[in-house]
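Worksheet: the structure to be examined is printed underneath.
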Amino acid sequence: MLHKILTAVTALAVVASLLAGAAGQAAAVTGFDSAYFGESAFLTLGPGQSGQFAVGFNNTGSTGWLTGSTSQVDLAICLPDKTTCNTTSPNAAFAQNWLSSTAYATTSTTFVGPGQTGFFVYNVMVPAGTAPGTYRFNGDLALHGTASMIHPQGYYQDVQVPSVGAAAKLACAANPSSIPAGTNASGVGATSTITVTEQDASGNTVSGDSSTKVTLSQAGGLGADLGNGPDASATVTVTNGVATFTLTAPASSASTGTDQLSAASPTFPTLTGCQTNVTFTGPGAATQLTVSLGQSAFPAGTPQTTTATATLRDANGVTTTAAASTTVTWSVDNGSICSISPTSSTIAQGASTTTSTLTITGVPGSCTVTAASTGLTSGSKTATVTAAGPASKLAITANTCTNTPTTANTASSTCAITVQVQDANGNPVFVATPVTLTLNKTGTTTLCSATVTATSPAGGSGNPATATTAGATGSTVKFTIADAVAQTCDAVASSSAFTGGTATGTASFTGFGPATNLGSPTFSPNPIPANGVSTSSVTVCVRDASGNKVTSGTGSTDSISLIKNPSTGTATTLLTTNPQTASAGCATFTVQSTTTAGTDTYDASDVSRSGITGATGISISTH
């Protein structure tokens, strides 16, 4: 077969005239015919790496190819004999979101009419532990779900897996290599992703390794953070030969310069280390003002004051300084709710902020405070005044504890849950009220290892932890939480000041580690009747060493196999196609009972990569 290489990145980008005629055998299905058009280049990939293939075929028949119908045409998985299609690929472990276990893909567009070109795009990923060599993917066009080939032509694509030697060195890269110093209005700094790749002497990634530790150190002294505090180092374990770090810019916009990052392995000190740099740039010219209030929610009936602050920021939202004295004009939109004085203030040359005083009358409602200056985008902030009834319930109003990196991988990483005291109608209550936060293992009353390290206002620590709201100046308690293992906890807020009215949220420390095992899955329901029709299912999930599901990245889309132990009985048969491609780390299999009572056991294995401990002896009984 003539291989005409497509020059675009994928076949979706190909625009070319049709090729007339077709090579090979005659059309096998009435109304359907095709002619090979061209394909993307063969791939060279190491274990753990992924790539994309694309191939185009001209529709030379009289019937259009329509997805989702009986005229859907797929790029079916075939054997090299050009006659056997819609079969399981001998390289099924390379599958990455293929159309099915017997087809790579269908057309990239919904309809391909006669005289048009249809393109088929599919992805492959080389499993960890794959031996060096050439892996071939044979295919041809066939009607969806059938063995009816359109026009056998012998299409194939190859993946070349090069030989990888022993780990010899580390390679560093920073993306991006230049970020602004300082934080935006939300107090968040810019970040750069640092990757450290374990390589052999020839520069090939040692993707079969998920155990080597890598330490990344800083030499800039500028206050950048790898998750352990300013200027501290961090240590992580490679996943398929790659360690990933997140570097956050210094909080001060004045901390400009270059941070030199050096990587070494405490596990294998003989590995040659590497270095990369990240440059922190100063803020740009002022383009906008932002407004912050010392307090933005107030109880009705009591006049109060708070400070309003206007801050100069550049186009990236980073705090910057005034090139010249800058006059700021203050205003409010509802004088019955609040007033501001003075109505004009100045940001001095070289300074970043100016303030004014906001007075709250105590009348229920809201007012918006605006700071404006010629040539700058104005900023505003809203203050609310609420007449509330007695405290009767709690609400979690803020929760940053979602997939928080665990302290096992990122020392001292923290998150926070904010709990508000409310009346029966959901209004904030500004009365000093004790609030307790308890962190339990999901669905139980057993305490998580997560712990409260601080509260605002100041209070207790540990698990559970209690603090009291500020009363007239605040209706919330912010609980700062740290953890040492990857887990998910139920966060339950309660108060001794009233019964009921608890609030429940989730604190998830799911920065899972490298895939190591398939856990201990079980069939459900179990047992089932031996009637030849009843079914039971088992979900097999790729997990890390702590038992957490590997829900994304390497391992989450592995090919999982479930095979009956031949030494057991004949009580069940497997209904599900085997192997299955995991979705978000899990694959589900279904078995059906026979009319023979007994117990069968199944063994699950990860066929995509070596080093993953399987699950054996998964039993299912019939009666």
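The values are calculated or read from the model by the stated rules, or taken from the named source; none is laboratory data. Worth saying up front: this structure is predicted, and the values here are computed from it rather than measured. Counting neighbours? That spans all protein chains shown, and the Cβs are built from the backbone with ideal geometry, glycine included.
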Does Ala93 count as touching a strand residue (DSSP E or B) at 6+ places or on another chain (Cβ under 9 Å), more than 30 Å from Ala515 (Cα to Cα) and either in contact (Cβ under 8 Å) with a residue 24 or more places away in the chain or not assigned by TED's automatic domain parsing to the domain that holds Gln72 (or both)? no
Only listed residue being in contact with a strand residue (DSSP E or B) (Cβ under 9 Å, 6 or more places away or on another chain), farther than 29 Å from Ala234 by Cα and of a type in the set (Gly, Ala, Ser), chosen from Ala486, Ala491, Ala416, Ala458: Ala458
Select, from Thr258, Thr215, the only residue that is within 30 Å of Ala315 (Cβ to Cβ) and either in contact with a His (Cβ under 8 Å, 6 or more places away or on another chain) or assigned to a strand (DSSP E or B) (or both). Thr258
Which numbered condition Gly335 fails, given (1) exposed (fewer than 14 other Cβ atoms within 10 Å of the Cβ); (2) within 28 Å of Asn175 (Cβ to Cβ): (2)
If Ser461 satisfies every condition in (1) modelled with pLDDT of 90 or more; (2) farther than 30 Å from Gly301 by Cβ; (3) buried (at least 19 other Cβ atoms within 10 Å of the Cβ); (4) not aromatic (Phe, Trp, Tyr) but one, which is the exception? (3)
Pick from the range 433-452, criterion free of Cβ contacts under 8 Å to residues at least 60 places away in the same chain and buried (at least 16 other Cβ atoms within 10 Å of the Cβ), ranking: farthest from Ser392 (Cα to Cα): Ser449
Identity of the residue in the range 73-119, small (Gly, Ala, Ser) and under 16 Å from Thr146 (Cα atoms), that ends up farthest from the chain's Cα centre (by Cα): Ala76
Top-ranked residue of the range 29-45 - restricted to ones that are over 28 Å from Val161 (Cβ atoms) and of a type in the set (Val, Ile, Thr), ranked as surrounded by the fewest Cβ atoms within 10 Å (Cβ to Cβ): Thr30
Looking at Ala324, Ala383 in this structure, which one is closer than 30 Å to Phe498 by Cα, out of contact with any Lys or Arg (no Cβ under 8 Å at 6 or more places or on another chain) and of a type in the set (Gly, Ala, Ser)? Ala383
Quick one: is Thr302 at pLDDT below 90, among the β-branched types (Val, Ile, Thr) and loosely packed, with under 14 Cβ neighbours inside 10 Å? yes
Across the range 595-610, which residue is modelled with the lowest pLDDT among those that are polar (S, T, N, Q) and in contact with a Ser or Thr (Cβ under 6 Å, 6 or more places away or on another chain)? Ser608
Quick check on my filter: what residues within the range 225-255 are out of contact with any strand residue (DSSP E or B) (no Cβ under 8 Å at 6 or more places or on another chain), assigned to a strand (DSSP E or B) and in contact (Cβ under 8 Å) with a residue 24 or more places away in the chain? Thr239
